Amino acid sequence: MSEYHSAPMSRRTFFGSAAGLWAAIHAPGLWAQPAGTAVTGLVFSGGDVLAFGNRSLRSSDRGATWTTHPVPDGQPAAVTSHPARPGRLFVSIEGGGVEVSEDFGQSWRRQGQGLPDRTLDALANSAKNPDTLYAAIGGDGLWRSEDAGETWEFVMDRPFLSGSEQDVRTLASVDLASGMGGIWLYAGTSAGLQRVPDCFCRWQDVQPQGALDALVEGEKAPTVMPLPEGEPVNALVSCAASPERLYAALPSGVWASADGGVIWSKAAPFVATALAVDPSDADTLVAATPADLFHSRDGGQSWVVSAIL
């Protein structure tokens, strides 16, 4: 079993500035180089973090160190878990199908009755119901399972953005009071961010609560600072304990929101392929780039490189 430790503080692994972070992680010979792992999914489960890709890694200290871990039967494309079911993981497989584990990935079984024989590009558990899953298929739309992935049904077309339907690349179920029944399904697409209530009535932009009332009453519209226009959203996560806290990975960097996606600010300069947030602590994050695994303990203000991939 290979274990990857972050370098000691004396070697400057903890940085508060974008320039210092970039310079240090690219310094020749600073890190030992294990075999390659292209991370396609990150998830917290039962206090551990699991990274899925060409091989799988597991961390029991919130992303500080990593060990190798059993892999599902097939190349993972997306992963999800629910804090109410520690140890239960759902992983979509390239080419079609869903692998399910009840023991932190030690063993797997295949399911997905009713799904097309195509890759699920995104997976998310319902914020309130751990047995309800959502999935997105490129060129198709959204699918839902209400029996922990055993059977599936089509529920929604793709979002319409920039003049055409856009593929959904990542999904997050967010428990906010402003949603129909309190739940929104946020979708990071190839052209930006959209969301839909869990009634699946209509895709819409993220708007401040009370924005329509303010316009009707002639008041000043609430401030909105959306994600950079037109960029694909490659990863999107919400903290279960603080659902208004969202993080998104775009080509321009990692972005953070403290109000359900109305106002965003940049949290990291690097381009992440996957993100995970501790469901009990919105300040604890793990991010994967094509070359590194990072973790943050302060909501993305500073990052530590915990493994080179």
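Considering only residues that are out of contact with any strand residue (DSSP E or B) (no Cβ under 7 Å at 6 or more places or on another chain), more than 18 Å from residue 199 (Cβ to Cβ) and among the charged types (D, E, K, R), which ones fall in region 139-164?
140, 147
The rows are residues; the columns are (1) assigned by TED's automatic domain parsing to the domain that holds residue 240; (2) surrounded by 18 or more Cβ atoms within 10 Å (Cβ to Cβ); (3) touching a Pro at 6+ places or on another chain (Cβ under 8 Å).
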{"position": "128", "(1), (2), (3)": "no, no, no"}
{"position": "131", "(1), (2), (3)": "no, no, no"}
{"position": "135", "(1), (2), (3)": "no, yes, no"}
{"position": "138", "(1), (2), (3)": "no, no, no"}
{"position": "143", "(1), (2), (3)": "no, yes, no"}
{"position": "147", "(1), (2), (3)": "no, no, no"}
{"position": "152", "(1), (2), (3)": "no, yes, no"}
{"position": "162", "(1), (2), (3)": "yes, no, no"}
{"position": "168", "(1), (2), (3)": "yes, yes, yes"}
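Between 276, 288, which is buried (at least 20 other Cβ atoms within 10 Å of the Cβ) and more than 19 Å from residue 174 (Cβ to Cβ)?
None of the others qualify; the one that does is 288.
Which members of region 239-286 meet the condition of being out of contact with any strand residue (DSSP E or B) (no Cβ under 6 Å at 6 or more places or on another chain), part of a strand (DSSP E or B) and either touching a residue at least 60 places away in the same chain (Cβ under 8 Å) or among the acidic types (Asp, Glu) (or both)?
281, 283 - these are the residues of region 239-286 that are out of contact with any strand residue (DSSP E or B) (no Cβ under 6 Å at 6 or more places or on another chain), part of a strand (DSSP E or B) and either touching a residue at least 60 places away in the same chain (Cβ under 8 Å) or among the acidic types (Asp, Glu) (or both).
Condition (residue is under 21 Å from residue 224 (Cα atoms) and within 13 Å of the chain's Cα centre (by Cα)) applied to region 256-265: is it met by at least one residue? Full working, then the answer.
Step one: of region 256-265, the residues under 21 Å from residue 224 (Cα atoms) are 256-265.
Filter once more, so that each one left must be within 13 Å of the chain's Cα centre (by Cα): 256.
Yes, because at least one residue in region 256-265 is under 21 Å from residue 224 (Cα atoms) and within 13 Å of the chain's Cα centre (by Cα).
Can you work out which of the residues in region 46-95 that are of a type outside the set (Phe, Trp, Tyr) and touching a Pro at 6+ places or on another chain (Cβ under 6 Å) is modelled with the lowest pLDDT? Step through it out loud before you land on a result.
So the first thing to find is which residues in region 46-95 are of a type outside the set (Phe, Trp, Tyr), and the list is 46-51, 53-65, 67-89, 91-95.
When the remaining residues are screened for being touching a Pro at 6+ places or on another chain (Cβ under 6 Å), the result is 46, 82-85, 91.
Details: 46: 92, 82: 97, 83: 96, 84: 97, 85: 97, 91: 97.
Taking the candidates together, the pick is 46.
Within region 52-66, work out how many residues are out of contact with any Phe, Trp or Tyr (no Cβ under 7 Å at 6 or more places or on another chain), buried (at least 24 other Cβ atoms within 10 Å of the Cβ) and hydrophobic (A, V, I, L, M, F, W, C).
Total satisfying the criteria: 1.
Is it the case, given these coordinates, that residue 115 is closer than 30 Å to residue 283 by Cβ and not acidic (Asp, Glu)?
no
The values are calculated or read from the model by the stated rules, or taken from the named source; none is laboratory data. Every value quoted in this text rests on a predicted model; they were computed, and no experiment measured them. Neighbour counts run over all protein chains shown; Cβ positions are idealised from the backbone, glycine included.
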